[in-house]
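The values are calculated or read from the model by the stated rules, or taken from the named source; none is laboratory data. Treat the numbers as computed from the prediction; the structure is a model and nothing was measured. Methodologically, a virtual Cβ is constructed for each residue, glycine included, from the backbone with ideal geometry; neighbour enumeration extends over all protein chains shown. Please note that ligands, DNA and RNA were not included when accessible areas were found on the heavy atoms of the full protein model with its side chains. Shrake-Rupley method; radii C 1.70, N 1.55, O 1.52, S 1.80 Å.
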Amino acid sequence: GYSYQKSDSSFENAVQEIRESEFSGTTFFFYPFVRRYFGLGKSFALFIQGEGRYGRATNEQQISDGTIRSLETTSDNLFFGVRPGLTVFVSKNFALETSFGALGYNWSEVNRDDTDEKTKNNGFSFDLSSTELVLGLSYYF
């Protein structure tokens, strides 16, 4: 997938100083997955999904508060993990699907161009928050 965002903002503080900011960013992401289904009758199936996620984001921000400063960051994110789910067939070819939670390994690196600073993070995660709730409609051939 691909996303693009842009925003402009202006702020005036108590001593009438004006600060303006312009932000733009692009993100590219790729989420391949494989599934193994376990049938529960004619209309229901449980599944376990193995997945990988890769994302790259590039952001640029210019701040003006008397001087103009520019900040550029690039981040790479990687995830390998598994998630359980449920498929409910509503007709012969269409199914509603949901999965909740994920168990996996995360890695990320953020590079700031203005300071040459690199921040790296990695670790294992078990997430049952609503950010890991996935709902979908699928068509089966």
Distance in nm between pseudo-label sites at Ser91 and Tyr31 (7 Å out along the Cβ direction from Cα): 2.5
Per residue, in Å², the accessible surface of the stretch 1-89 once ligands and nucleic acids are set aside, probe 1.4 Å: 69
Percent accessible area from carbon and sulfur atoms, the stretch 58-134, protein chains only, probe 1.4 Å: 57
Residue-span extension gain [Leu135 to Thr74] - 0.36 nm each, minus C-alpha spacing: 19.0 nm
Overall Cα dimensions of the stretch 21-141 - principal axes, largest extent first, Å: 67, 28, 24
Calculated from backbone phi, Karplus (6.51, -1.76, 1.60) coupling profile of the stretch 77-83 in Hz, x at Gly/Pro: 10, 9, 9, 10, x, 10, 8
Highest-fluctuation residue, Ala102, Ala57, Ala45 considered, GNM on the chain with Cα pairs under 10 Å: Ala45
Under 10 Å, Cβ to Cβ, from Arg19 - net charge with Lys/Arg +1 and Asp/Glu -1: -4
Charge dipole magnitude, Cβ of K and R +1, D and E -1 - the stretch 1-86, Cα centre, debye nearest 20: 1020
Within-13-Å neighbourhood charge of Leu46 [Cβ basis; K, R +1; D, E -1]: +2
Proximal lysines to Lys42, defined as alpha-carbon separation beneath 23 angstrom and excluding residues fewer than eight positions away on the same chain: Lys92
